[in-house]
Amino acid sequence: MRIIKLDILDIGDIVEMLKKGQTIVYPTETCYGLGCDARNVEAVEKVAKIKQRQANKPMLVVVPDAAMALRYLEWSLKLQELADKYWFIRRSPPKADEVEPGALTVVGKALSLRGVAEATTKQSTLFRRLLDCFVARAPRNDSLAPGVVASDGTVAFRVTSHPIAARLSRELDAPLVSTSANISGEEQPYSVEAVQRYFASQSDQPDIIIDAGELPRRAPSTIVRVIGDRVEVLRQGEVVVINF
């Protein structure tokens, strides 16, 4: 495990390592996350092995904004409503009823690039134009790995509010796997020392740890599943989703 402190952190170097399939521990708005390029099948499998996680239990991903999520999810008016309220573009100062991005994880139907043509026929003209725009800008090998997409074809997305996580995903131009940097079943880590305690004696370890110091302890994100026009709360966290 190579530890990199913030004063010598080069995001470009980390992104190149991610492109090569390496795994990283990085700060998020909830705790230290363990992740990789969510499109890299071998890297995703390695993350699951490091965490000693069940193979059939998919991992959520983080993105810097709703625009990137749109490239991977079957979009709908209900998703748009959630994105408008909880995945907003930061204003200064924010409105009183706005929640910082990252507090809500949304589980929706994964969209492969091969399915875009079929999906867009069900969307409004605006959605078709948006999808056409983002698909045109997306890399060709843009499918998410099986360890990220569940057996029912869904994937869990969160717009991260942490600047390092957001920048890594933005410069990689892809979602980042974001599972807590611990052994499955153990407490969430808020310091690099805690991460090291989990993995120091393990044969499978993260390649890189970004040391951002002690992280604030926050409630986990709320997780909701979007099914058609219905929103189902799977885990109640920091955000209370109402009127949906």
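Is one or more of the residues making up region 37-52 touching a strand residue (DSSP E or B) at 6+ places or on another chain (Cβ under 7 Å) and at pLDDT below 95? No. More than 18 Å from PRO146 (Cα to Cα) and either of a type outside the set (Lys, Arg) or modelled with pLDDT of 95 or more (or both): is that true of GLU81 in this structure? So GLU81 fits the description; yes. Considering the conditions (1) touching a residue at least 60 places away in the same chain (Cβ under 8 Å); (2) surrounded by fewer than 18 Cβ atoms within 10 Å (Cβ to Cβ); (3) within 19 Å of ALA83 (Cβ to Cβ); (4) not polar (S, T, N, Q), VAL239 is excluded by exactly one of them, (2). Looking at region 1-93, the helices (runs of 4 or more DSSP H) lying wholly inside it that each contain 1 or more residues that are of a type in the set (Val, Ile, Thr) and buried (at least 24 other Cβ atoms within 10 Å of the Cβ) sit at 41-51. ARG114 meets each of the listed conditions (1) closer than 30 Å to GLN205 by Cβ; (2) at pLDDT below 85; (3) basic (Lys, Arg) apart from (1). Tell me whether region 136-146 contains one or more residues that are out of contact with any Asp or Glu (no Cβ under 6 Å at 6 or more places or on another chain), in a helix (DSSP H, G or I) and modelled with pLDDT under 95. Looking through region 136-146, at least one residue is out of contact with any Asp or Glu (no Cβ under 6 Å at 6 or more places or on another chain), in a helix (DSSP H, G or I) and modelled with pLDDT under 95.
Among the strands (runs of 3 or more DSSP E) confined to region 164-244, the ones with at least 3 residues that are more than 14 Å from VAL47 (Cβ to Cβ) and charged (D, E, K, R) are located at 230-235.
If you filter region 150-178 down to residues that are polar (S, T, N, Q) and surrounded by fewer than 22 Cβ atoms within 10 Å (Cβ to Cβ), you find that the one that is nearest to THR222 (Cα to Cα) is SER161.
Screening region 151-166 for residues that are of a type outside the set (Gly, Ala, Ser) and out of contact with any strand residue (DSSP E or B) (no Cβ under 7 Å at 6 or more places or on another chain) and picking the one that is modelled with the lowest pLDDT gives ASP152.
Could you list, ordered by first residue, the pairs with Cβ atoms under 6 Å in which the first is in region 5-18 and touching a residue at least 24 places away in the same chain (Cβ under 8 Å) and the second is part of a helix (DSSP H, G or I) and of a type in the set (Lys, Arg), at least 6 apart or interchain? Filtered contacts from region 5-18: ILE11/ARG167. For region 213-236, filtering for residues that are surrounded by 18 or more Cβ atoms within 10 Å (Cβ to Cβ) and modelled with pLDDT of 85 or more leaves 6.
The values are calculated or read from the model by the stated rules, or taken from the named source; none is laboratory data. As the structure is a computational prediction, the values presented were derived from the model and not from experiment. Cβ: placed from backbone, ideal geometry, glycine included. Neighbour counts: every protein chain shown.
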